[in-house]
Amino acid sequence: MSTVWTSQASSIYPYPGAVTVVSANGTNNGILWALQHGGSSSGNDVLRAYNALNLADELYNSDQAGSRDLPGIVGNQFESIIVDNGKVYVPSTGQRQLSVYGLLP
């Protein structure tokens, strides 16, 4: 591990910041997932994915496809996202829903 920054995302996360989790396919393809609270223009949360080796490389964000991918309003900054078996799960207690992200068929 390095004691100095090695990369930085271009997105800014104002208070209360973001919930983050790292996933990987074995020792390859590390992804940093970040759930930004209130990050879209509509006030919804935004799920972002970054290359774990270079955070300047944003792979995906849920605001790219309009309302199709938005997870809704999660409710509070303490709710966590879960990554399992190629899918990302985002709870939304404010709307009592669970958004599931994965590859489209």
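A few remarks follow.
- Cβ-Cβ under 8 Å pairs, at least 6 apart or on other chains, segment 1-20 side within 18 Å of residue 59 (Cβ to Cβ) and in contact (Cβ under 8 Å) with a residue 60 or more places away in the chain, far side surrounded by 10 or more Cβ atoms within 10 Å (Cβ to Cβ) and of a type in the set (A, V, I, L, M): 19/34; 19/35; 19/81
- Matching residues, segment 71-105, being among the aliphatic types (A, V, I, L, M) and either modelled with pLDDT of 75 or more or out of contact with any Ser or Thr (no Cβ under 7 Å at 6 or more places or on another chain) (or both): 81, 82, 83, 88, 90, 98, 100, 103, 104
- Applying the set (1) under 12 Å from residue 88 (Cβ atoms); (2) within 10 Å of the chain's Cα centre (by Cα); (3) not small (Gly, Ala, Ser) to residue 50 leaves exactly one unmet item: (1).
Here is a yes/no grid of residues against (1) part of a strand (DSSP E or B); (2) of a type in the set (A, V, I, L, M); (3) at pLDDT below 75:
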{"site": "12", "(1), (2), (3)": "no, yes, yes"}
{"site": "29", "(1), (2), (3)": "yes, no, no"}
{"site": "40", "(1), (2), (3)": "no, no, yes"}
{"site": "55", "(1), (2), (3)": "yes, yes, no"}
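The values are calculated or read from the model by the stated rules, or taken from the named source; none is laboratory data. Remember, it's a predicted structure, so these values are computed and weren't measured experimentally. Quick reminder, even Gly has a Cβ in these numbers, built from the backbone with ideal geometry, and neighbours come from all protein chains shown.
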